Amino acid sequence: MTKKSFWDDPYQTSLQTQVSKVDGNDIYLASTIFFAFSGGQESDHGSIAGHAVVAARKEGLELVYTLAEGHGLQAGQDVEVCIDWVRRYRLMRLHFAAELVLELFCKSLPGVGKVGAHIAQDKARIDFIWPESIAPLLPAYTQEAQAIIDADLNITCAFEDEASGRRYWEIAGFSRVPCGGTHVKRTGELGQIRLKRNNIGRGKERVEIYLLP
């Protein structure tokens, strides 16, 4: 199983590791800092031994990286993995912003049902079942989320069950939430956020989260 070093240090931008398996253009690594799409969070961008990663995916507890034809890598070869840090840091910040806002919804809207999420470099979104427009409530949610961000609270990330790869994040006194994504260390790293409602159909609401410059 690939050791997921992005959990140990999500701020690491390069890693010396070894190719554990090659299956055509699919590469398996002994360890990795390259996050593959999961939980709505998009994959990192980057390279393995200088070859751009075309796609990254999960296969059970394994991570698989697809390179272009002609990469020439072999099992047992030492390689360097590099990721686009600007993109990763945006994804980390937006991921946690979405987690924070969703947790505020869940705490104050009894029966709210999450149906989807997507974390991209420009914005995050969360989709949920709710019978009426969430727009009138967004100013209060924005204020509450911003207060937690401005308090610059510590965010703890750890294993719930290491064998199965189940992890969580926690802010002491606020909440503990299952999540296997990459997260910032402190809430203050998010800066200022903006929330926007986007109606996606009867009984479904979408909230988009943006980071302000």
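The values are calculated or read from the model by the stated rules, or taken from the named source; none is laboratory data. Keep in mind that this is a model prediction, so the values were computed, not measured. A quick note on method: Cβ atoms are made from the backbone with ideal geometry, for glycine too, and the neighbour counts reach across all protein chains shown. Areas reflect the complete protein model, heavy atoms only, side chains present, ligands, DNA and RNA absent. Shrake-Rupley method; radii C 1.70, N 1.55, O 1.52, S 1.80 Å.
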TODO: Out of the residues in region 14-43 that are of a type in the set (D, E, K, R) and more than 16 Å from Lys3 (Cα to Cα), state the one that is surrounded by the fewest Cβ atoms within 10 Å (Cβ to Cβ).
DONE: Asp23
Open item on the list: Just to be sure before I move on: is Gly46 surrounded by fewer than 19 Cβ atoms within 10 Å (Cβ to Cβ) and small (Gly, Ala, Ser) in the structure I sent?
Closed with: no
Open item on the list: List pairs: first residue in region 137-160 and within 29 Å of Ser5 (Cα to Cα), second residue open to solvent by 60 Å² or more (accessible area, probe 1.4 Å) and hydrophobic (A, V, I, L, M, F, W, C) anywhere in the structure, Cβ distance under 9 angstrom, at least six positions apart or on different chains.
Closed with: Leu153/Ala172; Asn154/Ala172; Thr156/Ala172
Open item on the list: Looking at region 62-81, I want the residues that are closer than 29 Å to Ala163 by Cα and have a partner that is assigned to a loop (DSSP other than H, G, I, E, B) and open to solvent by 20 Å² or more (accessible area, probe 1.4 Å) with Cβ atoms under 7 Å, at least 6 apart or on another chain. Which pairs are those?
Closed with: Glu62/Met1; Thr66/Asn25; Leu67/Asn25; Val79/Ala49; Glu80/Ala49
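Yes/no matrix, rows are residues, columns are (1) in a loop (DSSP other than H, G, I, E, B); (2) at pLDDT 95 or above; (3) surrounded by fewer than 18 Cβ atoms within 10 Å (Cβ to Cβ); (4) not hydroxyl-bearing (Ser, Thr, Tyr):
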site	(1), (2), (3), (4)
Arg93	no, yes, no, yes
Phe96	no, yes, no, yes
Val115	no, no, yes, yes
Glu132	yes, no, yes, yes
Ala140	no, yes, yes, yes
Task: The listed residue being under 17 Å from Leu211 (Cα atoms) and under 18 Å from the mean Cα position of the chain (by Cα), out of Ala147, Ala98 - done: Ala98
Open item on the list: Tell me the residue from Thr142, Thr156 that is more than 18 Å from Glu208 (Cα to Cα) and touching a strand residue (DSSP E or B) at 6+ places or on another chain (Cβ under 9 Å), please.
Closed with: Thr156
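Residue by residue, here is whether (1) surrounded by fewer than 17 Cβ atoms within 10 Å (Cβ to Cβ); (2) on the phi < 0 side of the Ramachandran plot; (3) modelled with pLDDT under 95 holds:
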| residue | (1), (2), (3) |
| --- | --- |
| Leu61 | yes, yes, yes |
| Glu69 | yes, yes, no |
| Gly72 | yes, no, no |
| Glu80 | yes, yes, no |
| Val86 | yes, yes, no |
| Tyr89 | no, yes, no |
- [ ] Would you mind stating whether Phe128 is farther than 27 Å from Ile33 by Cβ, part of a helix (DSSP H, G or I), modelled with pLDDT under 95 and of a type in the set (Phe, Trp, Tyr)?
- [x] no
